[in-house]
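K.L.:
A single structure is presented below for examination.
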Amino acid sequence: MKRVEAVVSNEMADAVIEALKKVGVGGITVFEAKGWGRASSFSKEKSSATYKKFNPKTYVLTVVDDSIVDKVITAILENASTGSVGDGKIFIDNIDTAVDIGSGQKGVHAI
């Protein structure tokens with residue numbers, strides 16, 4: 001199993017979420033987020049007032065079976081990328097196990 005985390009622009013979030021449903025993602029968690037990256041003026045300024053310059057983003061988190069990871073990445077890229085700096089990032093981590101709290105099922109059956 002893999003945890004896929006994507007930070008995308010707010011404007012592209014709905015399209016990303018719909019694309020994830022279409023490729024078979026069983027569930028997601030979405031957070032409102034804000035931050036800065038290499039393209040931001042935040043990293044170049046030293047004033048404490050720069051905290052007001054965080055960029056709003058949407059953070060999408062899911063855990064999927066290894067067999068659909070490439071489809072998930074493609075879905076995110078196709079629906080979040082404008083080809084511009086600041087489109088976001090995708091992070092992928094290995095997950096050893098998952099447990100569904102309600103049913104007690106483990107592994108891929110829990111996701």
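Bear in mind these aren't lab numbers, they're just calculated from the coordinates by the rules spelled out. All values reported here derive from a predicted model rather than from experimental measurement. Positions of Cβ are generated from backbone atoms using ideal geometry, with glycine treated the same way; all protein chains shown enter the neighbour counts.
K.L.:
Within segment 76-95, track down each residue that is free of Cβ contacts under 8 Å to residues at least 60 places away in the same chain, of a type outside the set (A, V, I, L, M) and farther than 18 Å from residue 55 by Cβ.
P.N.:
78
K.L.:
Suppose we keep only residues that are surrounded by 16 or more Cβ atoms within 10 Å (Cβ to Cβ) and small (Gly, Ala, Ser) within segment 57-98. Which one would you say is nearest to residue 18 (Cα to Cα)?
P.N.:
75
K.L.:
Would you please name the residue that is surrounded by the fewest Cβ atoms within 10 Å (Cβ to Cβ), looking only at residues in segment 7-35 that are in contact with a strand residue (DSSP E or B) (Cβ under 6 Å, 6 or more places away or on another chain) and within 21 Å of residue 66 (Cβ to Cβ)? Step through it out loud before you land on a result.
P.N.:
Of the residues in segment 7-35, the ones in contact with a strand residue (DSSP E or B) (Cβ under 6 Å, 6 or more places away or on another chain) are 7-8, 10, 13, 16, 25, 28-31, 33-34.
Right, trim to within 21 Å of residue 66 (Cβ to Cβ) and you get 16, 25, 28-29.
Numbers: 16: 22, 25: 21, 28: 16, 29: 10.
Across segment 7-35, the extreme among qualifying residues is 29.
K.L.:
Quick test for you: out of 77, 61, pick the one residue that is under 22 Å from residue 37 (Cβ atoms), among the aliphatic types (A, V, I, L, M) and touching a strand residue (DSSP E or B) at 6+ places or on another chain (Cβ under 6 Å). Write out each step before concluding.
P.N.:
Working: 77 fails: touching a strand residue (DSSP E or B) at 6+ places or on another chain (Cβ under 6 Å).
From the options 77, 61, the qualifying one is 61.
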